[in-house]
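Structure, as structure tokens:
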Amino acid sequence: MTLLVRNEADIIKENLDFHFRKGVDHVIATDNGSTDETVDLLLPYIHSGVLTLLHEPEDNYDQAKWVTRMAMIAARDMGADWILNNDADEFWWCADDSLKDLLANAPGNVSYLPRQNMLPSPRWATGNPLVHMTYAVVKPIDTGSSLPTLNRIGRKAIVRSEGLLSIGMGNHDASFSVEKVLFDAPIIGFHYPIRSFAQFEQKVRQGGAALERNTELSPAMGAHWRRWFDMYKDGELRREYEQLAPTAQKLKSLRAGGIVGQDRRVLNEFLSTKGPAVRALLKAKNRFQTF
């Protein structure tokens, strides 16, 4: 699994433990200038030999280049069969216990996976976001609300390494030197892009400024993040967050209208009995917690 991170301390450990339990063998992570505890939280996995960490000092949102670099290391240097190009706020779930077993006999080299966006909760500010974020927008609603932003599914590519040339912007596609053969994989991504307001504000401030610095990207790329950055500069971001994080009363109304629904699959998976690999990682974390 490749993982591009920046200030993801509130969710990075949950992400790694979840995916190692689902059969990921190794993670190649690139830290893009984190200023929180993200890198410290990666250290136990590095010492356990299951994570390789790269550092990227550039601050221009050149995501496709950085993810492609990680994917090439996985394919050429580590002998990876399949590569899941991930973000810290994405959790890839399948009914089978192992993603690896599911992909072992896959009849193609790329699958475009659907993604479900989870709603933030105004009652939560710290702790495990998986516990508090169990609702998602499940059908489009009027454009007068901010919620349609979180209803955009978007596809994410999981790829076989053979003939892989590059990963597209946002991990939405990939190019190969061999024929691209699509197949449907019973995998769904649960996306937690907006969590606490502090996390949202920091992500908009940093990501929006980085997008503006990258003059090679189309203005349409990251359009919602650009809009949020403009709102941040105008002092309107708190109001936007309150629209995206419905109160209990508003949530009740949205549920009654079939607009949002509860989905606890990731939470139930995470809370279930952890396997030996994860227990070893947790033990290693305790051993290296002073680093």
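The values are calculated or read from the model by the stated rules, or taken from the named source; none is laboratory data. It should be emphasised that the depicted structure is a prediction, and the values quoted were computed from it without experimental measurement. We place every Cβ from the backbone using ideal geometry, glycine too, and count neighbours over all the protein chains shown. Please note that ligands, DNA and RNA were not included when accessible areas were found on the heavy atoms of the full protein model with its side chains. Shrake-Rupley method; radii C 1.70, N 1.55, O 1.52, S 1.80 Å.
See the values below:
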| item | result |
| --- | --- |
| Cα gyration tensor, the chain - rounded (a/c under 1.5), prolate or oblate | rounded |
| Crossing angle, helix 223-233 versus the chain [Cα axis fit, 0-90 degrees, rounded to tens] | 50 |
| Where labels lie 7 Å past Cα in the beta-carbon direction, separation of GLU242 and LEU53 in nm | 3.9 |
| Fluctuation leader among GLY168, GLY23, GLY79 - the chain, Gaussian network, Cα springs under 10 angstrom | GLY79 |
| Hz values of 3J(HN,Hα) by residue in segment 57-69 - Karplus curve (6.51, -1.76, 1.60), Gly and Pro given as x | x, 5, 10, 10, 6, 8, 4, 4, 4, 5, 5, 4, 4 |
| Karplus-derived 3J(HN,Hα), 6.51/-1.76/1.60, for each residue of segment 250-257, Hz, glycine and proline x | 5, 4, 4, 5, 5, 5, 4, x |
| Kirkwood-based shape ratio for segment 1-138, expressed as Rg/Rh from alpha carbons | 0.96 |
| For the chain, built as a Gaussian network whose Cα springs stay under 10 Å, the top-fluctuating residue of VAL178, VAL137, VAL204 | VAL178 |
| Of all accessible heavy-atom area on the chain, the percent that carbon and sulfur account for (1.4 Å) | 51 |
| Choice from GLU14, GLU90, GLU212 with maximal GNM fluctuation in the chain (Cα, 10 Å cutoff) | GLU212 |
| Net charge of Cβ neighbours under 13 Å - reference VAL260; Lys, Arg +1; Asp, Glu -1 | +3 |
| Positive minus negative residues near LEU217 (Lys, Arg vs Asp, Glu; Cβ under 13 Å) | 0 |
| Listed residues GLY189, MET169, GLY208: farthest to the positive end of the dipole of the chain (Cβ charges) | GLY189 |
| Nearest-ten-degree value, helix 12-21 long axis tilted from longest Cα axis of the chain | 50 |
| Amide H contacts under 5 Å for VAL138, placed H, 5+ residues apart | VAL260, GLY261 |
| 1.4 Å probe accessible area per residue over segment 57-126, in Å² | 44 |
| Helical mean residue ellipticity (222 nm; -39500 (n - 2.57) per DSSP H run of 4+; nearest 500) of the chain | -10000 deg cm²/dmol |
| Placed amide H near LEU4: partners under 5 Å, 5+ positions off or other chain | THR30, ASN86, ALA88 |
| Placed amide H near LEU164: partners under 5 Å, 5+ positions off or other chain | SER177 |
| Total formal charge among the other residues, if their Cβ is under 11 angstrom from that of ILE188, Lys/Arg +1 and Asp/Glu -1 | +1 |
